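Beneath this line is the structure, given in structure tokens, with notes to follow.
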Amino acid sequence: WNDTFAHPDAYHELGTDQAFPKLRLRVGVTDHIDVGAFYTRNALANYGWVGLEAKYGLLQQREGMPITLALRGAYTKTLYVHDMDMHAVSADVAAARTFRNRFTPYLGLGSDLVLVRETSDAVALESEAQVVPHVLGGFQVRFWHLALGAEAHQAALMSFQVQLTTLL
């Protein structure tokens, strides 16, 4: 969509690798439920995203239970794009194991339902709904009240993220 409406000559100042700083707030409601929200936008881009998420801990790592298992659901809305209306609903399950109360690698599998509706007067395109499976993996290292993490996410495109979290 971006090349069609904003860059029809195929030049795009963001290039093929885009960076989108993300502000995320997540809070534990109970021992098993976290809820959160996020906002992300690259200052050079004419689009961004806002989203809500919830995570439910099915299993907690403890004596006799070697892993943590969690379900996550999320809703994401694309912002600032006047030529289309795009929403995504995601669900995944992830397994993790924490070592020495510091290092937690994890793997997950899920799917996104992406709903897109064109809203431009320039073209007449059909609305579309598409299911996109994804796999993710990453790690988190905790120290004091901070956690440093990295994640790879493979869906239609590969993405990577690095995050620094304050643990309260």
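The values are calculated or read from the model by the stated rules, or taken from the named source; none is laboratory data. A quick note: this is a predicted structure, and the numbers were derived from the prediction, not measured. Positions of Cβ are backbone-derived with ideal geometry, glycine not excepted, and every protein chain shown enters the neighbour counts. Heavy atoms of the whole protein, side chains included, go into the accessibility calculation; ligands, DNA and RNA do not. Shrake-Rupley method; radii C 1.70, N 1.55, O 1.52, S 1.80 Å.
So the values come out like this:
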item: Among residues of the stretch 112-164, those that are under 15 Å from the mean Cα position of the chain (by Cα) and polar (S, T, N, Q), counted; result: 4
item: Residue in the stretch 74-82 that is surrounded by 14 or more Cβ atoms within 10 Å (Cβ to Cβ) and outside any strand (DSSP E or B) present; result: yes
item: Residue in the stretch 40-51 that is surrounded by fewer than 13 Cβ atoms within 10 Å (Cβ to Cβ) and hydrophobic (A, V, I, L, M, F, W, C) present; result: yes
item: Matching residues, the stretch 90-103, being part of a strand (DSSP E or B) and either under 21 Å from Lys77 (Cα atoms) or open to solvent by 50 Å² or more (accessible area, probe 1.4 Å) (or both); result: Ser90, Ala91, Asp92, Val93, Phe99, Phe103
item: Search result, residues across the stretch 138-162 that are among the small types (Gly, Ala, Ser) and under 18 Å from Arg102 (Cβ atoms); result: Gly138, Ala147, Gly149, Ala150
item: Failed item, numbered, when Tyr106 is tested on (1) under 22 Å from Phe20 (Cα atoms); (2) in a strand (DSSP E or B); result: (1)
item: Any hit, the stretch 114-133, residues being in a strand (DSSP E or B) and closer than 19 Å to Tyr56 by Cα; result: no
item: Given (1) touching a Gly at 6+ places or on another chain (Cβ under 7 Å); (2) open to solvent by 70 Å² or more (accessible area, probe 1.4 Å), index of the condition Tyr56 fails; result: (1)
item: Filtered residue count, the stretch 107-148, keeping only those that are out of contact with any Ser or Thr (no Cβ under 8 Å at 6 or more places or on another chain), surrounded by 17 or more Cβ atoms within 10 Å (Cβ to Cβ) and over 20 Å from Asp83 (Cα atoms); result: 3
item: Enumeration of residues in the stretch 149-168 that are surrounded by fewer than 10 Cβ atoms within 10 Å (Cβ to Cβ) and part of a strand (DSSP E or B); result: Met158, Val162, Leu164, Thr166
item: Failed condition for Glu63, given (1) surrounded by fewer than 11 Cβ atoms within 10 Å (Cβ to Cβ); (2) modelled with pLDDT of 90 or more; result: (2)
item: Test result for Leu25, in a strand (DSSP E or B) and open to solvent by 80 Å² or more (accessible area, probe 1.4 Å); result: yes
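The rows are residues; the columns are (1) charged (D, E, K, R); (2) closer than 20 Å to Asn42 by Cα; (3) at pLDDT 95 or above.
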{"site": "Leu71", "(1), (2), (3)": "no, no, yes"}
{"site": "Leu79", "(1), (2), (3)": "no, yes, no"}
{"site": "Met84", "(1), (2), (3)": "no, yes, no"}
{"site": "Asp92", "(1), (2), (3)": "yes, no, yes"}
{"site": "Phe103", "(1), (2), (3)": "no, no, yes"}
{"site": "Arg117", "(1), (2), (3)": "yes, no, no"}
